[in-house]
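Notes to accompany the following structure.
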Amino acid sequence: MRFTRFCLIVQLLSLQSCFLFAKEEVGAAAPVSSYLGETQDLRLCRRVLVLPIQATKMTTKVRKDLEATLISELTSQGRFQVLRMDTATTEGKEIYPTERRGKIDPDLVVDLGRRYQADALLLTRVTQWFPYKPPRLGLRLQLVSVHSGKVIWAVDQTWDAGTERTRLDLIDYARTTLAPQANMHGWEFLMLSPRRFGRFAIRRSVSTLSQ
């Protein structure tokens, strides 16, 4: 009898430990601070010109990887043709100072739109960047209509891996988006690579277009 009772206690403790561990590892996609305008405005965007990402403290290698991921994710949405501006050109750089002041110059938007035959421009700024563990990345994206001058899609979000919210989001991202890994803590590798963490943030941002 005592042996049977001991076995039951061991089994219960084992099940409880498994439950606590599973609960610890279950993630959930965190909501992204975003704005999506009227469907009609978005429908008129057949060609979107993506301007180079503005990032003062980020290495060129990481910034270019972010831009490549942004282009890829936007293209995979299938909503519009994505045009990429040559990063060697100085075109479009004069827009960012007006964006920083809170009002994008509509004349500059129209001028660039006509030159590239685009219906909208996408401006992206890195607002925060800390590449070491736990990493932190802030992004502000604004899709501006060439025809109306209105912002028809925007994201303004900071992902801080030092917070529980972002940690659970990373777990969900690794589980649902990345290829399954034998290591149950594979999501932690996302915090060790600035480029992978950046891709995570870009994909979360672009996903709000489908909401």
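Bear in mind these aren't lab numbers, they're just calculated from the coordinates by the rules spelled out. Given the structure is predicted, the values throughout are model-derived calculations rather than measurements. Counting neighbours? That spans all protein chains shown, and the Cβs are built from the backbone with ideal geometry, glycine included.
Brief remarks on what is shown
- The range 104-149: C-alpha gyration tensor shape, a/c 1.5 cut-off, then a/b vs b/c: prolate
- Label-point separation, SER210 to THR158 (7 Å along Cα→Cβ), nm: 2.8
- Using the Cβ-Cβ distance between SER72 and SER193 with R0 = 25 Å, the FRET efficiency computed as 1/(1 + (r/R0)^6) comes to roughly 0.90.
- Set of lysines near LYS103 by C-alpha distance (under 30 Å), chain-local residues within fewer than 8 positions excluded: LYS57, LYS61, LYS64, LYS93, LYS150
- Distance between modelled label sites at THR177 and LEU36, nm, 7 Å Cα→Cβ extension: 1.6
- Listing THR75, THR176 from fewest to most neighbouring C-beta atoms within 10 Å gives THR176, THR75.
- When the alpha-carbon atoms of the range 27-210 are used, the pair Rg, Dmax equals 16.5, 53 angstrom.
- Label-to-label distance, ARG165 versus THR56, with points set 7 angstrom from Cα along the beta-carbon direction: 2.5 nm.
- Label reach from ARG100 (point 7 Å along Cα→C-beta): in the range 127-143, amide nitrogens under 14 Å belong to 127-128.
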